[in-house]
Amino acid sequence: EPYFAAWREQAWQLSGLVVATMLIVAGASAWVHAAWQREAAGTRELVAQGHRNQALLRTASDGIHVLDRGGHVIELSESFAQMLGRSRTELLGSHVTNWDVALAPEAIARWLQEFPVGATKRFETRHRRGDGTLIDVEVQSTVARIGTDELIYCSARDITERKQLQERAELMSHEQAVMLDNELVGIV
C-alpha cells in the first residue's frame, strides 16, 4: 500500500489533468462551433439580402443602372433594358456612350470623373434605343463609395411623351397668341 501511494497520487493528478484538458477542449470546440454557426447565419442573411436587393433592382419601374467611374454598366434593371429596347446581357459591361447621344464621349468621360462622391444630379438627356429611335430621358444620378469602389447609381425615366405634350401645348399657345394678334374681333 505505501509503495503504490505515490503512484496513485500521480495517477489521480494525471487523470485530473486529462479530464480538465478534455473539458477545455470540449468548451473551446463548442465556442468555435457556435461562432461558426453565427458567422454562417450572418453570411446566409447577407446572401439573402443581396438576392432581395438584386430582385428589387431588376424589377424597379424606373430604368435603374449602376456605372463604374469608367462609365461601364455593372448592374441594371429589366426596365432599363426594356426602355432601351436591348437585352440585359447586351447592356452589361457596355459603355454609356453606346446609348447616350446628348454629349460627346469626352464630355461624358469628364462628367463621370468629376462627379463628386455623395452628390446627386438630375438632368435631361437623349438615349438611342436598340432600333435607332431617340427618346428623351430624365436621369437622377448619385455617386456612392462602397469599399474602394465608387459607383454611379442612375435612375432614368422616359419623358418623351411628356416633352411632346409640352411642345404641343407651347405650339397651341403660340398659335392662339398669333390668332388673337391678327384677329380684328379679338382686338375689339
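The values are calculated or read from the model by the stated rules, or taken from the named source; none is laboratory data. Quick caveat: nothing in here was measured; it's all calculated off a predicted structure. As a convention, Cβ positions derive from the backbone with ideal geometry for all residues, glycine included, and neighbour counts pool all protein chains shown. Protein only, heavy atoms only, side chains kept; ligands, DNA and RNA dropped before computing areas. Shrake-Rupley method; radii C 1.70, N 1.55, O 1.52, S 1.80 Å.
Here are the numbers:
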| item | result |
| --- | --- |
| Extension gain from residue 8 to residue 126, taking 0.36 nm per residue of separation minus the Cα-Cα distance | 33.2 nm |
| Percent carbon-and-sulfur accessible area, the chain, ignoring ligands, DNA and RNA, probe 1.4 Å | 60 |
| For the chain: accessible area per residue (Å², 1.4 Å) | 69 |
| Per-residue HN-Hα couplings for the range 69-79 [Karplus 6.51, -1.76, 1.60; θ = phi - 60°; Hz; x = Gly/Pro] | 5, x, x, 9, 6, 10, 7, 7, 8, 4, 5 |
| Accessible-area order (highest first, 1.4 angstrom probe) of the listed residues 155, 141, 15 | 15, 155, 141 |
| Pair residue 117, residue 24: separation of 7 Å Cα→Cβ label points (nm) | 4.6 |
| Accessible area, probe 1.4 Å, largest first, for residues 165, 134 | 165, 134 |
| Fully extended contour minus Cα-Cα distance, from residue 78 to residue 157, at 0.36 nm per residue | 27.1 nm |
| Estimated 222 nm signal from helices in the chain, with DSSP H stretches of n ≥ 4 weighted -39500 (n - 2.57), rounded to 500 | -19000 deg cm²/dmol |
| log10 of Debye I(q)/I(0), alpha-carbon scatterers only, for the chain at 0.09 Å⁻¹ | -0.57 |
| Of 101, 37, 152, farthest towards positive along the dipole that unit charges on Lys, Arg, Asp, Glu beta carbons give the chain | 37 |
| Residue 165/residue 51 FRET efficiency (R0 35 Å; Cβ-Cβ; nearest 0.05) | 0.30 |
| Pairwise label distance in nanometres, residue 110 with residue 36, each label 7 Å out on the Cα-Cβ vector | 5.8 |
| Point-to-point label distance, residue 90-residue 138, nm (Cα→Cβ direction, 7 Å offset) | 2.7 |
